[in-house]
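First up is the structure itself, then whatever we jot down about it.
The values are calculated or read from the model by the stated rules, or taken from the named source; none is laboratory data. From a predicted model like this one, the values you see are computed outputs, not experimental measurements. Please note: Cβ atoms are built from the backbone with ideal geometry, for glycine as well, and neighbour counts cover all protein chains shown.
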Amino acid sequence: MLPINLKDSRILITNDDGYEADGIKVLYDIAKNYTDDVWIVAPEFEKSGASHALTFANDLTLKKHSDKIYSVNGSPSDCVVIALDKVLKDKRPNILLSGVNSGCNVAEDVTYSGTIAAAMEGLIRKIPSIALSQNYDLGKKDKISWDVTKNYLPNVLDKITAHGWLNNVLININFPQCPVDSVTGIEVTTQGNRETDDLVVWEKERNQFRIGLQRRLSESAKPKNNIINSIIDGVMTDVVAVTSNNISITPLHLDLTHKDSIEKLRNSLNT
């Protein structure tokens, strides 16, 4: 992929927290420092955990709230599709920025995250895409500090876009929850695993349930087996990076094939 000049770009912003979320306002303000050609097309309501869902069974309504700011009553992926095929059909964006999400998207999060799914949809549509997330202290989602994102994101964007990245890759960036002067560094990471199941199910009343996430990042900083994802020598996982106050930058792609299993499966079918 060629370098991207953000000062001469059309930037599309979306998220999964909703078009009025604090994180998307942070991202919009940063993007506006590069260009006036910044567009928001984001969910009307929070769609956290929507993953890569597309809405087929219901109608989708596009609402214009102000110049270049729209919402859709659907998923983050719906927003990207409508943005590219309808709102920005006259001129495609040069880059898609998804976020800034309230809470990190590391390890198994990438399979649930609507923030990352929006970047996946951008990648499928041949738009260079970056997912952005800000970690927060356990139980303090209503007291998120965006200082690390505000301070470091412009520099990170400058460096990444100056060189570009592969056409079949999206970039997943996670900012740690700590004071700005406590950021340890910037690490290019692999997708890690948590040692503990993060999902919590509770029964509100008989036969009525809610599903949530119990964040235990401090536990995940311990040495782990990483039985699902491969370890690369000398490279941190995203979980370890964020819990040690690093900014984590993970290149992700859509190919889920486990290539090492192909020959074993072939052999099992030939016995």
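Of note:
- Output for segment 245-263, where each listed residue is modelled with pLDDT under 95 and closer than 21 Å to Val156 by Cα: none
- Val110 at pLDDT below 95, out of contact with any Gly (no Cβ under 6 Å at 6 or more places or on another chain) and part of a loop (DSSP other than H, G, I, E, B): no
- For segment 130-174, the tally of residues that are touching a Cys at 6+ places or on another chain (Cβ under 8 Å) and closer than 24 Å to Lys7 by Cα stands at 3.
- Wholly within segment 116-198, strands (runs of 3 or more DSSP E) carrying at least 1 residues that are modelled with pLDDT of 95 or more, of a type in the set (Val, Ile, Thr) and under 17 Å from Val80 (Cβ atoms): 129-134, 170-175
- Hits in segment 71-120 (condition: over 10 Å from the mean Cα position of the chain (by Cα) and among the hydrophobic types (A, V, I, L, M, F, W, C)): Val72, Cys79, Val80, Val81, Ile82, Ala83, Leu84, Val87, Leu88, Ile95, Leu96, Ala107
- When each of Ser71, Ser102, Ser113 is tested for being in contact with a helix residue (DSSP H, G or I) (Cβ under 7 Å, 6 or more places away or on another chain) and under 15 Å from Thr14 (Cα atoms), the lone residue that passes is Ser102.
- Per the conditions (1) of a type outside the set (Gly, Ala, Ser); (2) in contact (Cβ under 8 Å) with a residue 40 or more places away in the chain; (3) over 23 Å from Ser51 (Cβ atoms), the sole criterion not satisfied by Asp147 is (2).
- No other residue among Leu84, Leu88 is of a type in the set (A, V, I, L, M, F, W, C), modelled with pLDDT of 95 or more and in contact with a Lys or Arg (Cβ under 6 Å, 6 or more places away or on another chain) apart from Leu84.
- When residues of segment 38-50 are limited to those that are crowded, with 18+ Cβ neighbours inside 10 Å and in a loop (DSSP other than H, G, I, E, B), the one modelled with the highest pLDDT: Glu44
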